[in-house]
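The values are calculated or read from the model by the stated rules, or taken from the named source; none is laboratory data. This one's a predicted model, so the numbers in the text were calculated from it and none came from an experiment. Here the Cβ is made from the backbone with ideal geometry for all residues, glycine too, and neighbour counts use every protein chain on show. In case anyone asks, the SASA skips ligands and DNA or RNA and just uses the protein heavy atoms, side chains included. Shrake-Rupley method; radii C 1.70, N 1.55, O 1.52, S 1.80 Å.
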Number of protein chains: 2
Amino acid sequence: MAAARPSEPAEGSAASAAPARRPEDSSGALLTIDLDAIAENWRRLRARLRAGAQCAGVVKADGYGCGAVKVAKRLHAEGCRVFFVARTDEGFALKPHLPDAEVCVLDGLVPSLANDYAAAGLVPVLNDPAQVEAWTSYCVANELRPPVVIHVDTGMNRLGLSEADALALAADRDALRAFSDAMVMSHLVVSEEPDNPINARQLAAYERVRARFPKAKASLANSSGIFLGPAYHFDLARPGYALYGGNPTPGKPNPMRRAVQLLARVIAVREVDKAGTVGYGATARIGAGGRIATIAVGYADGYLRSLSNRGEAWIGSHRVPIIGRVSMDLVTLDVSSVPPEACQVGDHAELIGAHLGVDDVAERAGTNGYEILTSLGPRYHRAYLGEVD
Amino acid sequence: MAAARPSEPAEGSAASAAPARRPEDSSGALLTIDLDAIAENWRRLRARLRAGAQCAGVVKADGYGCGAVKVAKRLHAEGCRVFFVARTDEGFALKPHLPDAEVCVLDGLVPSLANDYAAAGLVPVLNDPAQVEAWTSYCVANELRPPVVIHVDTGMNRLGLSEADALALAADRDALRAFSDAMVMSHLVVSEEPDNPINARQLAAYERVRARFPKAKASLANSSGIFLGPAYHFDLARPGYALYGGNPTPGKPNPMRRAVQLLARVIAVREVDKAGTVGYGATARIGAGGRIATIAVGYADGYLRSLSNRGEAWIGSHRVPIIGRVSMDLVTLDVSSVPPEACQVGDHAELIGAHLGVDDVAERAGTNGYEILTSLGPRYHRAYLGEVD
């Protein structure tokens, strides 16, 4: 992905009302989402799966901040036919764009919405016996035979049928009679740590349960789970993070292609003529002769405040540290080491891109790359590469 | 503000397509913004100002996450006539709703957009000599005489004319000839620490500069600055955070009224039959006999991941801790101490509200309340109290 300088205003953005206004000028920062990279990541992950296994696309949280509809349509064009979202509302919004695909809702079934699920053609991921019972009754009463997903908890203690409840369900010969086909899924707790014994314990628990549903399909692996090997692949893998360029193998080289670039506009450059402090709380000092560049991004853009005095940016080929606190709308960079002609008002500083991966930013912020992605804010001008209709 | 259970879908939300779907069921969480409280906070702050001082409304970052247009229209109905936003795009979006008010853009003037600023009637906050020169030339050439705001830096080292540049501007008799009237503003660095000597130093620097602009209006105080006393009030105060119920006097009782309530839906309750870990990374343990409630909120909703194992919620009159990591879409609560009948699927847990102020949440997250507000996420169902046309 080259240093993209998108020239077309995004649909529905404020900028679209006045086409003469270039987003490079009027936006604080430019976010470019490379759908070609996301598609390639999906193909790379699919190629790693054992023969016969399918690859889904997880597009919850607005496609990890990248735009669920645009990502899903691009993956659909690659051949992806199973998608996962978290919220019911996310399912209702996405499904009309994917009429021939399964859109599965991880939050599960709200019984009072059974009619809405059926009308929309959504697949609820059933998370407890009450949901199984409610969806079964509804489908029987309405003579529907949709596919279904049963979520079994193997160690997360968060959502999903307990092992005991799952085994009781398996023992009931009529239990899944209402459904055209069923999938039994579970969720790994520490898949990004291949040596953690919890993985093998979860796999064993999952094997115990799924063996009791011999006709059902099976799904266990998230992004990192794919890299635990074919024993974890079963019938369907459910990558999310790695699609968007995050590293599913922490501590090893990232096998995925970068999909996100974030460039923030320099709106001021200041020569420091006497030593002083920078920003709110006076947490950082700078000496006379230093230079500060202020960029139009802040924690209101989801650029986390925990990056204060810890994050970094790149201006051309120069690495520059954040100095002072990240404030609501602005970040200050210590550009004392950058030649003045290389950092001028109107230039852009890279916050995520070729020099700084999502995982790098996360490490400096003290969080994971998932939170960096899902926090990508609404004030950024968004441009897409590789969009399909 | 009573425990609001909004019944009308928000404009443009996915829910509005199917009016039969109640947001209590289909949304992960319900966010209620009390515009009456925001209006009362504005009146309370105005009442604290020295006689003759005006009170502005700061509505940048989409009104601190509360909805800039709705907040600004409500404050306008109270008599507020000066508003501040951060980004140029925020100004373009807001100004049409406030034809007779001044909408000032803190990011300053992008010279290539001078025509757009003039056409929209926006007031750029001029942050350096180049912006002063560009806007002056434009206004003279086009025979405009708009009001102007000059930002002088008195210790932030972020944006604003240096003291030397400001004094040079003041010495130029023709400098502000192009403008109907001018305001000279600056920004406090540590106003929430009344005993910090930086406040007095900034005040002295600001007094030196503004004395050289005898005809200009003067503005220095943000929310906390108002509480530093009348010497800081000048002609216009610019509160933001306190309008939205944040405490402008940390360490003392909050003089503001709460304006935000966030209730998350319980989507699962699980009896723990054998001791185990909870959530990703297996960071928390729970013993047999415990009970876990899973709520439909996560860091993708701006509920910060730093609240993992540290945040809390209230279920009815019961305080319950977060157990395990905040995940992208879900949070797990240890509800072992809550009677089962008081915590059922479909109930709501308070994350911000009568028991838990924005500042309380921030303290647990290791950040400030501003970031809690500006992170309020797009998946919440939003309801407004006290909205005006």
Close pairs from the range A:130-143: first open to solvent by 70 Å² or more (accessible area, probe 1.4 Å), partner polar (S, T, N, Q) and assigned to a helix (DSSP H, G or I), Cβ under 9 Å, at least 6 apart:
A:142/A:115
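Return the residue satisfying two criteria in turn: it lies in the range B:283-309 and is in a helix (DSSP H, G or I) and in contact with a helix residue (DSSP H, G or I) (Cβ under 6 Å, 6 or more places away or on another chain), and of such residues it is nearest to residue B:27 (Cα to Cα).
Let us first name the residues in the range B:283-309 that are in a helix (DSSP H, G or I), namely B:299-301, B:305-307.
Remaining after also requiring in contact with a helix residue (DSSP H, G or I) (Cβ under 6 Å, 6 or more places away or on another chain): B:299-300, B:305-307.
Values: B:299: 15, B:300: 14, B:305: 20, B:306: 23, B:307: 21 Å.
The selected residue is B:300.
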Which numbered condition residue A:366 misses (of (1) free of Cβ contacts under 8 Å to residues at least 60 places away in the same chain; (2) within 24 Å of residue A:259 (Cβ to Cβ))
(1)
Could you please find all residues in the range A:63-73 being touching a residue at least 60 places away in the same chain (Cβ under 8 Å) and either over 18 Å from residue A:386 (Cα atoms) or out of contact with any Lys or Arg (no Cβ under 8 Å at 6 or more places or on another chain) (or both)?
A:64, A:65, A:66, A:70, A:71, A:73
When you check residue B:361 against the structure, is it away from chain A (no Cβ under 11 Å), closer than 24 Å to residue A:301 by Cβ and among the β-branched types (Val, Ile, Thr), yes or no?
yes
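Let's see how each residue does on (1) hydrophobic (A, V, I, L, M, F, W, C); (2) touching a residue at least 60 places away in the same chain (Cβ under 8 Å):
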residue	(1), (2)
A:328	yes, no
A:338	yes, no
A:344	no, yes
A:351	yes, yes
Checking residue B:136 against (1) out of contact with any Gly (no Cβ under 9 Å at 6 or more places or on another chain); (2) in a helix (DSSP H, G or I); (3) under 30 Å from residue B:352 (Cα atoms); (4) more than 10 Å from chain A (Cβ to nearest Cβ), which test does it fail?
(3)
Scan the range A:19-33 and tell me whether some residue there is surrounded by fewer than 24 Cβ atoms within 10 Å (Cβ to Cβ), over 25 Å from residue A:300 (Cα atoms), in the same structural domain as residue A:379 (by TED's automatic domain parsing) and at pLDDT below 95.
yes
Reported set for the range B:27-67 where residues are in a helix (DSSP H, G or I) and among the basic types (Lys, Arg) is B:43, B:44, B:46, B:48, B:60
Residue check for residue A:146: within 19 Å of residue B:25 (Cβ to Cβ) and away from every other protein chain (no Cβ under 11 Å):
no
Against the definition (within 11 Å of another protein chain (Cβ to nearest Cβ), open to solvent by less than 30 Å² (accessible area, probe 1.4 Å) and without any contact (Cβ under 8 Å) to a residue 12 or more places away in the chain), how does residue A:300 come out, yes or no?
no
Looking only at residues in the range B:35-93 that are β-branched (Val, Ile, Thr) and buried (at least 20 other Cβ atoms within 10 Å of the Cβ), which one is modelled with the lowest pLDDT?
B:88
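Just name the residue that is nearest to residue B:213 (Cα to Cα) out of those in the range B:235-273 that are of a type in the set (A, V, I, L, M), in a loop (DSSP other than H, G, I, E, B) and modelled with pLDDT of 95 or more.
B:256
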For the range B:250-282, which residues satisfy the criterion of being β-branched (Val, Ile, Thr) and out of contact with any helix residue (DSSP H, G or I) (no Cβ under 7 Å at 6 or more places or on another chain)?
B:266, B:267, B:269, B:272, B:277, B:278
Search the range A:103-130 for residues being under 15 Å from residue B:345 (Cα atoms) and touching a Pro at 6+ places or on another chain (Cβ under 7 Å), and hand back the single one that is nearest to the other protein chains (Cβ to nearest Cβ).
A:108
I'd like to know if the range A:196-203 contains one or more residues that are among the β-branched types (Val, Ile, Thr), open to solvent by 10 Å² or more (accessible area, probe 1.4 Å), within 12 Å of chain B (Cβ to nearest Cβ) and not in a strand (DSSP E or B).
yes
Residue identified as out of contact with any strand residue (DSSP E or B) (no Cβ under 8 Å at 6 or more places or on another chain) and either surrounded by 21 or more Cβ atoms within 10 Å (Cβ to Cβ) or closer than 22 Å to residue B:274 by Cα (or both) among A:188, A:159
A:188
Filter the range B:306-337 down to residues that are more than 9 Å from every other protein chain (Cβ to nearest Cβ) and polar (S, T, N, Q) and give me whichever is surrounded by the most Cβ atoms within 10 Å (Cβ to Cβ).
B:308
